[in-house]
Every structure is written in structure tokens, then in C-alpha cells.
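Okay, structure first, notes after.
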Amino acid sequence: MSIIKTQYNRRSFLQVSAASGGGLLLGFNWLTSCTSSQMADVPKEWFDINAFIKIGDNGSVTIYSPNPEIGQNVKTAMPLIVAEELDVDWKNVTVEQADLNTVKYERQLAGGSQSIRHGWNGLRMAGATARRMLMEAAAKRWQVSIDELTTTNGVVIHEAKGNKLNYGELAFDAATVAVPEEVELKDAKDFKLIGQKIKNVDGKKITNGTPLFGLDYKKEGMLIAMVVHPPAFGLKLKSLDDSKAKAMSGIKDVLLINTAPKEKQWSDTNAFPDLVAVVGESTWQVMKAKKALTIEWEEDTPLENSEDHERKMNEALLSKEGNVARQDGNTANAFKKAAKVIESVYSGPFLAHNTMEPMNFFADVKADKAELAGPIQTPEFLRKSTADLLGLSEDNISIQMTRMGGGFGRRLYGHFGLEATVISQKMQTPVKLIYAREDDMTQGTYRPATKIKYRAALDDNNNLIGFEAKGTGVPGSPLFPNRFPAGAVDNYTAESVKIDTNISTGAWRAPRSNFTAGVEQSFLDEVAEAAGKDPIDFRLELFDRAISNPVGEKNDYDPERYAGVLKLIKEKSNWGADTPGVFRGVSAYYCHNSYVAQIVDLVLENGKPKLKKVWCAVDCGIVVNKEGALNQIEGGIIDGIGHAMYSAMSIKDGKPEAHNFDKYRLIRHKEAPLEIETFFVENGIDPTGLGEPSLPPVIGALANALYQALGKRFYTQPFVDQV
């Protein structure tokens, strides 16, 4: 059992009060320090606080989940951690989504697969502190030492005298107890909830259509708005004739809006701050009115083409210019001495996010305050930009977070929230902004188009003595200079070149890794083949070097954990056994603080590849909720396979060439693997990221399996045309 201090990051961690009608309200900041207070009644506004445990006099418990829910299941997992340390029966717990409140939270966002990793200690502290205070209340009532008490399933027990009280009976008294300076946390072996398969707390609501998502949000008097942005990157508005649209039934107005904040944040990525907005009574009326607009556009900046991007990236890889991000040893000399040199260039296209729920947001702006609601991964940053745009204090802007129908990085960038805000301000009425699929797919914020050139040098004994990686992209390089095989090769160079563009790009699920992992792992298979070595054995040799005698001091991975997932997948998949008609490819990758190794098994049916099975080994530390963990892993695998095989966004004369799913290809059900089997490394380490790490490596495993089946390497994504 470990001890944790409740003084944490200087801000108040707990607020305790007696709830009206009996019970305990335990407000907590999962990353801060502790105070307590007692109140005879709870002010109504307390229910707007994001972070608190509410215990009713009947023993029921409400736990508020602070982070945005985008399908990664944190709305289940984060309260589950609190409930574990609180020691309550999960069936008596109600989970609710908290609103934005930076007084009570830090890092109230969804991105980088970091919600559980950053919240782990604070979440446990919150539950353990509440439990301790309830036990102290019981000890005082029974006049016994707290050391004589235990808890189970929301009940405090004094076994010596046979006394029992449920948390509800103690909640009012617990509100008078001083917050302890430190509390004991459970040993992992004593976990009852963590590590189990717990169903999604919103599962029933999702299936029966209970309003949860941004598109479900409604308020009396609310109007519907849609925007029109330039059809090409580099164009701006020249003239607008809105007379026909304004005359249509249900249309309230057509506006010109600008959503550029005075001080731009990283989250304000947007190629189109100047827009035309149509406002009306219903979605269908507004969609029809958009088509009735007569708009003339003119060139503002040069119109770009994917062909030009390809040429510029090739030139960048050939040029001697670039930023050398890492240099170990003498790579040039190693290549001069090499017995074999292997060189390959890999490329990936722009990708759209294509969340199933298109962008939308609600805003109700008054002269002195603004109320916002909708699907956003970065509510705190949206509030800052909104305050800047409106000239209001952040304290006067509220944001209610709805469940999201997908995020994948797209909803890190809150321009659509700002658009709803400006429209509501101009209309002086509540407004819900809705994007059509075409609006969303052509707006930008794409995954960058990228290229990497790899070179490897082998000596006479087929040892890897030199490795070079040069990355470029529109607009930036996807390389991680301090990741494997850095640290495992004496002579290593990582170099990057940037290319300017007016096309907006942003984070796409597992940024940079979503391309780099697949191509790096494909190239390592090429090198292993040239060395005459088994692909897994070749990688393990390199990890042995990184373990026993690492090169450099900035390697950002643990080679033992990295090798561990490879060894586990080798064992579980029976790698090396004869598998007639089954073609296998392997990969392993580290990102978002987690390690994943995968093997793809495929067969050929009528000469076409059919995915039979994906084997997956994961080291993400303690698995909080196996049900949610498996969902994330399987979803990431299918997402990675689908985009590597089928998806691309091309640009012609500044225009995105795909507007909807008739031209932008996604994976179909029949194309998904028939089976995915996942194995977790059980090491007791604090949990790390899981929303993204399963996606990047599967692309390499797929490419390597395709090579075994078809006899050719895959250097350009998507693979479908080459298959």
C-alpha cells in the first residue's frame, strides 16, 4: 500500500459540504491541494462545478468525469479509478460529464492519449481521500480507532463489534472532517474494479438514441446556421449576391463573419476565417438557401496542387539542405565502408479526419456573457479564443462538453465554436452551427502530406552499422529523431526539411507516428531481408544493443519494454511456424508512452488479399478498463489498416478533390480483419496512453504481410491501387 500527499500543485483539491437533504458533496481537483468546508445547504450553482463526488444519504454516488469524451471511454475509465479508491460498488455509481472549469482542473482536454496517464494519481487521491474522511466520521461516531475499521462496497465496517454503516449514513458527518494531509492508496493486487471489463456508461444511451452529442443539443428559440467557405485554399470572397437566399422561407439572415482572434493560439488553425453564414429556422431550409447564394471568389495566395507538393518533397529529399535533428557517429564514413546499402523512399497523402458526427457547436452570446455547448477536444483553449474574440472575461464564458461522434484530432481546433459564437453575437439569439459533410471534408486541417527517405548500411557480417532518415512534408517532417532505431546504431542521422503551404493541416490520430511507424517498420523488414535475418530476430538484436550499450543519451524509449512486446507477440502468434497459405508481417512501435507489437496474417482469395487475423501485444502499464482498452486497440487497428489501404485527399488548383464518401474511400466492414487478438503486458507500471498507439504500427505489419503475399514492397499510400 502506498502513501500519497493530498497537497498537490498548489491549488485547492477538495471542497466538502453537507448536501441539502443529507449527504456529502466532495468537490475535488484531481491535480491540486486540499481544503474543506461545511455548508448547511448546497447552493444551486454548485451543480455547475466540474470535479466532485456526490454521495447521497442512501449511499448512491455520483462521480463527474472532467475530460472530453470522444469515444476513448474516459467517461467510464476516469470515474472508475475514483470509485476503486473510494471502495464503492460500481452498480451504485452514476457518472456525469462535467463542464469546463479550470479552477477545478488542469489539462481538461482530450488529445495525445494522455487523459488517464495525467489523471492517474489525482483520480486515486480523490477517491482515497473521500474514503478516509468517511472512515474518520465512523470512527468518531463509534469512538474507536480508525485503524480498526475497513471498507467494502460503500460500507464502513468495525468487525470487532459487528458495526456497519453505509457511506450515505456517514456522508453528513464526513463533511465536518478535516481533509487529511496524506492518504493510503490500494495495492494493485487489491483492485476490484481496475483491470476488469466494465461496460461503457453511455452504452445504453447511445443505442437507444438518448441525446448526448452536439448535434442533439437544443435550446428554446435556437436558430440553425451553416457557413460557406472558399472552395479552394488561396481564394477569398470577391462578391456576394444573397437576395434569393434571403427571400426563401425560414431564412433569417445571411452574414459575412470573421473569426480570427486577436491573439492566435495553436488551436486556432483555420485557413478560412472570413466566411459567409446563412441563418434560418431549420437545417434543411438553411442547406437550400446556401445553394441559392451567388458568390464570386478571387485569388489571394497561389493555388497549390498535389503534383507540385510531390515535386517539392522529392527535391527536398535530394537537397543537401535540412535541419539535422540528431547525429550519432560518422554516418557518411559508415556508408563508405558498407558492404550493402539499402535505400527506400516512402510517401503518404493528406488525410481528412471524417468524424462520423460533422463539426457543430451551440452558442448563446449576450452583451456580458456567452454560453457555449458542443463537441470539442480543447474546451479551455476554445474559451480563451472566444474571450479574445468577444472581449469578455473567461469567467463569463461557459462551455458544456457534449459527447463527440469522433475526434481523431479534428476537434482540437475549435474554429467552428468561434463561428457559432460570432453568428450568435450578430444575430443576438441562440444559434447552433452545423457543418454538412462537404463543408467539413473540404475545410482542411488535414494530416500533412509527407515523405521519408531511409538508408541503411550493412557490413560484411550483415550488421547494421549506419542508418539515415530524412523526412519532409507539407508543411513539416514526420520524423521523431530520438526514437528507435536511434540508440541502437553507432552511426545515425535524422534530418528534416519543411515546405510552406497555405493548406491548413493539424493533428490526425497519432500525429506523425501514423505515417512514420508504418514506413519505418516496412524499411526495417527490407533491411532484415538484405541481412538474411528473421524480421523479429533482427529487431531484437538492435534492442539488445540499446539495452546493453545504448548510443546517445536522448533515446525516448525503454528498449526492454519495446523488446518485451515483440517477444510476447512472437510467442503468442507462434511466429516461425509453418503456416501454408497464410502470409505474415510484423511491426513494433512506441508512441504516446506505450509499446505495441503486431502481426498481420492475410490470405489470398482469387488473387486478392483478405485479412485473416491481427495479433497485438500492448504494454500500456496497468489496464484500467479492459473493455474500453480492447475497443480502443481494435478501433485503432481497423482505422490504421483502412487509411493505409484506401484513403487519400488530393489538391488540384487549391481545391480538395474529394467532397464526400463517394470519392474519399474508407474501409468497409467486409475488409476489416476477421479476428483481432490482444495480449497485455502485466507489469504494474502506472497506465500510459492507449487511444492512439495501436494505429501506427499496423500499417507496417500490413505492408510487410502484403510483401510476403505479393512479392512487392509498398512505398506509397494508399495501397489499394497497387494491390
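What the table shows:
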quantity: With all protein chains modelled, accessible area of GLU296 [1.4 Å, Å²]; calculated: 80
quantity: The stretch 465-589: Cα Rg divided by the 2.2 N^0.38 Å rule of thumb; calculated: 1.18
quantity: Radius of gyration, Dmax [the stretch 577-647; alpha carbons; angstrom]; calculated: 14.0, 43
quantity: For the stretch 640-723, average projected area of the Cα convex hull in nm²; calculated: 8.3
quantity: Helical segments meeting 24 Å axial Cα length and Kyte-Doolittle 0.0 threshold in the chain (DSSP H); calculated: 513-531
quantity: Length gained when the stretch ASP500-ALA160 is fully extended (0.36 nm per residue, less Cα-Cα span); calculated: 115.0 nm
quantity: With all protein chains modelled, accessible area of ASP57 [1.4 Å, Å²]; calculated: 90
quantity: Accessible carbon and sulfur surface of the chain relative to its total accessible area, %, 1.4 Å; calculated: 47
quantity: Where the chain is the region considered: accessible area per residue in Å², 1.4 Å probe; calculated: 40
quantity: Gained length - LEU674 relative to ASN462, 0.36 nm times residue gap less alpha-carbon distance; calculated: 72.6 nm
quantity: Ratio Rg/Rh [Cα only; Rh per Kirkwood] for the stretch 107-209; calculated: 1.06
quantity: Cβ-Cβ FRET estimate between ASN258 and GLU321, R0 fixed at 41 Å, reported to 0.05; calculated: 0.65
quantity: Exposure rank, largest accessible area first [ILE55, ILE157; 1.4 Å]; calculated: ILE157, ILE55
quantity: Tensor-based shape of the stretch 204-247 (alpha-carbon gyration tensor, a/c under 1.5 rounded, otherwise prolate or oblate); calculated: oblate
quantity: Low-density loop cleavage sites - chymotrypsin sites (Phe, Trp or Tyr not before Pro) in the stretch 96-176, where at most 14 other Cβ are within 10 Å (DSSP); calculated: none
quantity: Whole-Hz couplings from phi, Karplus 6.51/-1.76/1.60, listed for the stretch 271-276; x for Gly and Pro; calculated: 7, 10, x, 9, 9, 9
quantity: Cα gyration tensor shape for the stretch 544-701, rounded if a/c is under 1.5, else prolate or oblate; calculated: prolate
quantity: Extension reserve of the THR283-THR150 stretch, reckoned as 0.36 nm per residue once the Cα distance is removed; calculated: 42.2 nm
quantity: Hull volume in cubic angstrom per residue (convex hull over the Cα atoms of the stretch 390-478); calculated: 205
quantity: Residue pairs, from the table LYS54/LYS384; LYS197/LYS533; LYS312/LYS336; LYS204/LYS426; LYS320/LYS554; LYS320/LYS608, whose Cα atoms sit over 32 Å apart; calculated: LYS197/LYS533; LYS204/LYS426; LYS320/LYS608
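The values are calculated or read from the model by the stated rules, or taken from the named source; none is laboratory data. If you're wondering where the values come from, they're calculated on a predicted model, not measured in any experiment. Cβ coordinates were reconstructed from backbone atoms using ideal geometry, including for glycine residues, and neighbour counts include every protein chain displayed. These area figures cover heavy atoms from the full protein model, side chains too; ligands, DNA and RNA do not enter into them. Shrake-Rupley method; radii C 1.70, N 1.55, O 1.52, S 1.80 Å.
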